[in-house]
Amino acid sequence: MRLRSPRGRARKVAAGLTATAMLAASLVAGTVAATAAPLPAATTTATSGDSAINGYRNVAYFTQWGVYGRDFKMKELQDSGAAADLTHLNYAFGNIHHQTLTCFEANKAQGTGPNGSDGAGDAWADYGMGYTAANSVAGVADAWDQPLAGSFNQIKQLKAKNPQLKAMLSIGGWTWSKNFSKAAATDASRKKLVSSCIDLYLKGNLPVVDGRGGPGAAAGVFDGFDIDWEWPGSLNGEVGNIVDVAGDKANFKALLKEFRTQLDAYGATTGKHYQLSAFLPANPDDIASGGWNDPENYQYLDFGNIQGYDLHGAWNKTLTGHQGNLYDDPTDTRPANKRYSVDKAVKAYLDNGVPAKQLTVGLAMYGRGWKGATSSAPWGVATDAGPGTWEAGNEDYDKLKNLGTGYFDPVSVASWRYDGNQWWSFDDPRSVGVKGDYIATKKLGGAMWWDLTGNQDGSLLKGLATKFRAAPAGPVTGGSTGGDPTGTDPTGTDPTGTDPTGTDPTGTDPTGTDPTGTDPTGGTGTACAPAWSASSPYNGGATVSHSGKNYKAKWWTLNETPGTAGSPWELVAACGTTDPTGGTTGGTTGSTGGTTGTGTCTAPAWSASATYSGGATVSHAGQKYTAKWWTQNNVPGAEQYGPWQALGAC
């Protein structure tokens, strides 16, 4: 199966670069002088948790090169209203240097052939290009001497107007995945790569290129990384990619772990959870070669975006057909092992144990097509790739949406258009609506779009966001809108995120009045809700009791035990009967504080200043936890996919 096209990536750096930059083709590695330091932690807004629309992510790629010929800038996202319907903006792409094996910035045009990506980069688009008041998000012109301009500065302005929006720096892509394998090959090279990416894009220590950049210049722009390695262990990627067929799978997993470890360590210094996502293949061969559906990988990833397009295209010049069909098409004439579908790809992950809430489904804002087609029906004869503005056989949705006559197949859930000659497969409002229902029914984490330049008014992603808002609540826990950095305290006053009243410093007392858990006054206790049943389905908001505690469902659930790690159940309070003895029997008999009757735990108390290796056991807020990997200053219970696994009450 052909993977995602570069969609214009193999281009010369556009007009607008300074003559000096073009002639020098300057290259500056991502590692900078030792004097370059991140901005003080106090200047970084402390946030954590995911971003969601009614429990669903709506992720979209913004292409680095889209600001040139396509003339699509961040301002279009703001003015169209599309930014308000996005949860994550993936900036595509960052490259890995062929010599240093680090993240880097450069002004060097993408070349041709197997070595075309070596040293290629576009610092001008990233942070050099000056914006006028008319084409900037904030409506203010860039000054000639400001350290940060370009798309990075526009992302900052966009986030200021849309505080729900997370910005992710995507590394790799079809054209820039060449050096992933070498960079991931050893522990030392993995550490070097991840450290350089964090230094460059999160700490914001940009090299000075044509007067822009400098220490801390891009601090606060990005909230994490999106890994677009196409593809570990597989020879199906771009010509010239370095591939270790035997070793890439294990090295890929180790790279994700290294990203998670270093992101959490840096987040401990800023008070922020940095996210990690990945672009996931749909081809079963590529999934297997890279171990993409290994559940362990999702201990390190916050979520992954399944490729839901490019399932067929004009690399087969004589056969029309669907590029993003949800289900198998019974009329598909290709061999059985080449009949791809979105549902088949989703099942390859779910059936292997990957949590549904960590998966999003990719949709296309462009079409793949043919000319010389003799029939409006799919899987018919054609003569060649259809005409495309930027690439033969590839065209933007905006330019296709009214071409010829539109068709929709409810069996395969696929849309296309045919004008008597050209035949184009793409997503339109009909297919998007059904796919939205599919995402909600499957309790998946949401949707992802490639790429925003293809639908510049954002009508497709806005339509899906409307669908999500009307659906039953999804599984993604959104970030806080108050003062609680964990996103779980509705009052915004509880630093632990577990106290619904916002007045208890320990986060374990439902009344907010007893910090010790021993209640000498003989509290009357909290009544227990109906007992949880493994065979009963529960909607979001349902309340149950289990093991002496009341829980509330955060989303629809069936057979997920309250109190276990990663479950959809939120602890409300201990519950039980009246306690006439002064609360010495704890939460199960009416104490308004502790969970064990003594208010103490045998495991050592967690310390924010201590470092813990994988396997370490601690207690915190009446619960016992074990570390899944190395951690420091990550509060147990505060992060859905954090380093601590809950073991239950002490």
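The values are calculated or read from the model by the stated rules, or taken from the named source; none is laboratory data. Because the structure is a prediction, the values reported are computed rather than measured. All Cβ positions, even for glycine, are placed from backbone atoms using ideal geometry, and neighbour counts span all protein chains on display.
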Handout entry: Residues located in the range 182-203, provided they are crowded, with 22+ Cβ neighbours inside 10 Å, over 21 Å from residue 270 (Cα atoms) and either of a type outside the set (A, V, I, L, M) or not assigned by TED's automatic domain parsing to the domain that holds residue 156 (or both)
Key = 190
Handout entry: Enumeration of residues in the range 107-126 that are within 16 Å of residue 150 (Cβ to Cβ) and surrounded by 24 or more Cβ atoms within 10 Å (Cβ to Cβ)
Key = 107, 121, 122, 123, 124, 126
Problem - Residue, modelled with the highest pLDDT, within the range 336-392, restricted to residues that are surrounded by fewer than 18 Cβ atoms within 10 Å (Cβ to Cβ) and touching a His at 6+ places or on another chain (Cβ under 9 Å) - result: 379
Exercise for the section: Considering every residue within the range 449-459, establish whether at least one is free of Cβ contacts under 8 Å to residues at least 60 places away in the same chain and either in the same structural domain as residue 70 (by TED's automatic domain parsing) or assigned to a loop (DSSP other than H, G, I, E, B) (or both). Expected result: yes
Practice task
Answer yes or no: is there a residue in the range 420-429 that is touching a His at 6+ places or on another chain (Cβ under 9 Å) and either surrounded by fewer than 17 Cβ atoms within 10 Å (Cβ to Cβ) or in a strand (DSSP E or B) (or both).
Solution key: yes
Problem - Entirely in the range 513-574, the strands (runs of 3 or more DSSP E) that have 1 or more residues that are at pLDDT 80 or above and among the aromatic types (Phe, Trp, Tyr) - result: 549-553
Handout entry: Among the residues listed as 404, 386, 393, the single one being without any contact (Cβ under 8 Å) to a residue 24 or more places away in the chain and over 28 Å from the mean Cα position of the chain (by Cα)
Key = 404
Exercise for the section: Please find, within the range 106-120, the residue that is farthest from residue 64 (Cα to Cα) out of those that are out of contact with any Gly (no Cβ under 8 Å at 6 or more places or on another chain) and of a type outside the set (A, V, I, L, M, F, W, C). Expected result: 112
Practice task
Would you check if there is a residue in the range 209-221 being at pLDDT 95 or above, surrounded by 24 or more Cβ atoms within 10 Å (Cβ to Cβ) and in a loop (DSSP other than H, G, I, E, B)?
Solution key: yes
Practice task
Scan the range 66-105 for residues that are without any contact (Cβ under 8 Å) to a residue 60 or more places away in the chain and either at positive phi or polar (S, T, N, Q) (or both) and report the count.
Solution key: 2
Fill in the blank from the handout: When every residue in the range 153-181 that is assigned to a helix (DSSP H, G or I) and in contact with a Gly (Cβ under 7 Å, 6 or more places away or on another chain) is compared, the one surrounded by the fewest Cβ atoms within 10 Å (Cβ to Cβ) is 156
Practice task
Inspect all residues belonging to the range 196-212 and state whether any of them is over 30 Å from residue 612 (Cβ atoms) and among the aromatic types (Phe, Trp, Tyr).
Solution key: no
